[in-house]
1. Positive end of the dipole of the range 165-215, charges at C-beta (+1 Lys, Arg; -1 Asp, Glu), about the Cα centre: which of MET213, LEU201, LEU191 has its Cα farthest in that direction?
2. Per residue and in Å³, how big is the convex hull formed by the alpha-carbon atoms of the range 56-145?
3. Any idea what the dipole of the range 67-112 comes to, in debye rounded to 20, about its Cα centre with Lys/Arg Cβ at +1 and Asp/Glu Cβ at -1?
4. Can you list, bin by bin at 5 Å, the percent of alpha carbon pairs in the range 268-332, starting at 0?
5. Structure shown: which of LYS133/LYS180; LYS96/LYS172; LYS51/LYS96; LYS21/LYS290; LYS109/LYS132 lie over 26 Å apart, alpha-carbon to alpha-carbon?
6. Mean-square fluctuation check for the chain, GNM, Cα pairs under 10 Å: which of MET322, MET307, MET209 is largest?
7. Once you've got the GNM for the chain with C-alpha springs shorter than 10 Å, pick whichever of SER309, SER281, SER222 has the biggest mean-square fluctuation.
8. Suppose every Lys and Arg Cβ carries +1 and every Asp and Glu Cβ carries -1, with no other charges. What dipole size does the range 49-138 come out with about its Cα centre, to the nearest 20 debye?
Amino acid sequence: MITVSSLLDAHWYVRYKAISKLNIRSSIYDVTNQCNLRCKGCFFFSSDEHKAAGEENDIGAWEGFIDREKERGVNLAILIGGEPTLHMDRIEAFYKRLPTYCATNGLIKVDRERFPDMMVGISLWGDPEDEKKLRGRDVFTPSSRNYTGDPYTYYLYTITPAQLGRIETMVKRIADAGLKVHFQLLSNDELVDGYSWTPELYARVRDEMDDLMDQYPDTVISSHYYHQIITTGRMLDRRWGWMECPSVTETMDGRDPKPRRLIGFIRWASDLETTHRCCTSATRDCSQCKDGAAHMSWVMVNKRAHMRSSRDLQNWIEVYEMFAKLYRFVPW
Ligand code: SF4
Ligand code: SF4
């Protein structure tokens, strides 16, 4: 019988043991429907999710809700929006109760006296020229000023086809600011001209991400296997899509047969009652979805399928480690 220990040498077995005990149970929370930007291609606004529900304004209701989430077994709160930092009291309600990750555009600085070790992921959509085009302004300059040298912050760099050949410019600037970066690819929900992927563009971006990971190992938090999966839409002999996605709200998951999925995962709207289908836009064509966390989770929930060779299991470990670093379960 093939076992984990039969596939791994001592070095890899130690790495495996470090992550196998984590037992991460995440859920996602829309902290607010408001944002101080309106980016073209933002899944939240392009699919009208900001109109799906109202907002709970009573902080006591948020606290009670989070307590119930904790009782439900959630041990990682992923805060998105809208822009969560418009409501620091809601962020604090999570932070005081659960390991918390806050996605932000970085324009408003999270006070480190109040949130000393909360993981912060800043969205980045390219160099200042691209950001002006897609987000209406250069967001990187103020966000990097706000977070320079912060040990619990990284950039979530959404790469667009327009960035090809120029990704290094921003990786270097992030390295110079003493921060980390993780890559994902634009899904182009709003079909912005020139921002759709083709097989040739996927091959180029994969090469570029691989090279940058090797050139900037202290800055780029990623894995070659993740690059392969996100650019091909294939994992082992399986193709990405609705019937494979692990990041579907458990209470809305009517798939039959059910794929391996995140246990207890729910994405809540900011009225604390409404739920969304998945971690991203419900109007998105799943076969075109490039959501990075969903692809990482796809690997993570399929450990057994990766136990067919040492290399496959090592790939699985590397993706799990990457996820654990990005959500502060293990150090960089
Ligand atoms: S900053 Fe984030 S939430 Fe706000 S519009 Fe841009 S992508 Fe959407
Ligand atoms: S849009 Fe993406 S994350 Fe949502 S269900 Fe489809 S594949 Fe999964």
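1. MET213
2. Residue-normalised Cα hull volume stands at 99 Å³.
3. 120
4. Reading upward from the zero bin: 4, 15, 18, 17, 18, 16, 8, 3, 1, 0.
5. LYS96/LYS172; LYS51/LYS96; LYS21/LYS290
6. MET307
7. The residue with the greatest mean-square fluctuation here is SER309.
8. The calculation lands at about 80 debye.
The values are calculated or read from the model by the stated rules, or taken from the named source; none is laboratory data. Keep in mind the model is a prediction, meaning the values are calculated, not measured. Counting neighbours? That spans all protein chains shown, and the Cβs are built from the backbone with ideal geometry, glycine included. Protein only, heavy atoms only, side chains kept; ligands, DNA and RNA dropped before computing areas. Shrake-Rupley method; radii C 1.70, N 1.55, O 1.52, S 1.80 Å.
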